[in-house]
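Here is the structure we will look at, set down as structure tokens.
What follows is calculated from the coordinates using simple rules that are stated; it is not laboratory data. All of these numbers come straight from a predicted model, not from anything done at the bench.
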Amino acid sequence: MTVSVIIPTFNEEQNIESCLASLRRQRFADDDVEIIVVDGNSADKTREIAEKLADKVIIQTSRKVGGARNDGAMIARGDVIATTDADCIIPADWLQVIHDSFAATDDLVQLYGTVYPREPGLKHRVSLGCANTFSALGYHTRTLYYTLGCNTAFNRDAFVRAGMYRCIDAGDDLEIAQRMRKIGRVMFNPKMRVQFSMRRYEQFGTIKSLYEWVYIVAKGGSTTKYSYSKREYK
């Protein structure tokens, strides 16, 4: 089983090297891994840095973050498509957990897990601890599949058959689970973890960031009032 990892980027020269280096340190055979960076025409050195560690670096042609992931999926050779973000650090067992989960579950079409903060501080640990608890409760009660794009994986054929990601500002990673569950099993595995950057919340504030996200999702994913796509960070 080959796993293709897709990473959307936009002006991520400060983060992309550490993300890709963590993927290259996986306890998983290199021949069974493909790393694809889909860049939104960055103005910095993102692509130059990525080309040293990724297998493929391409320019994004579709809209939004979901579109970037779709662009990567269409050139991927893997049986499984895994997605993460450029500011994440990936634990060494991440790909093995993904591989083993798909190998053990015949009808599995989507897998997702938990996040923990890159930045120090009790506030961040509590915030993501609550998010992980919410994710687990949603899964076990079958009320919500909190399938974050920074830590999810798909059976490639099922992903394409379901129509891939919607090209919207926010909520695309939750919305797709509702379509995936109609064609197979969507599963939560707490052992599938990534280290997640809290930089959005540090720069713009937790309450404001969550409010904007909820607002966009409630409006169906795209608005003129707020946009999460290609937002610059300090």
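Projected onto its three principal axes, the C-alpha set of the range 3-199 covers 44, 41, 34 Å, listed from the longest axis down.
Set the bar at 31 Å for Cα to Cα. Now go through Lys123/Lys191; Lys52/Lys191; Lys45/Lys182; Lys45/Lys191; Lys64/Lys182 and name every pair that lies beyond it.
Values: Lys123/Lys191 22 Å; Lys52/Lys191 29 Å; Lys45/Lys182 41 Å; Lys45/Lys191 33 Å; Lys64/Lys182 25 Å.
Over 31 Å Cα-Cα: Lys45/Lys182; Lys45/Lys191.
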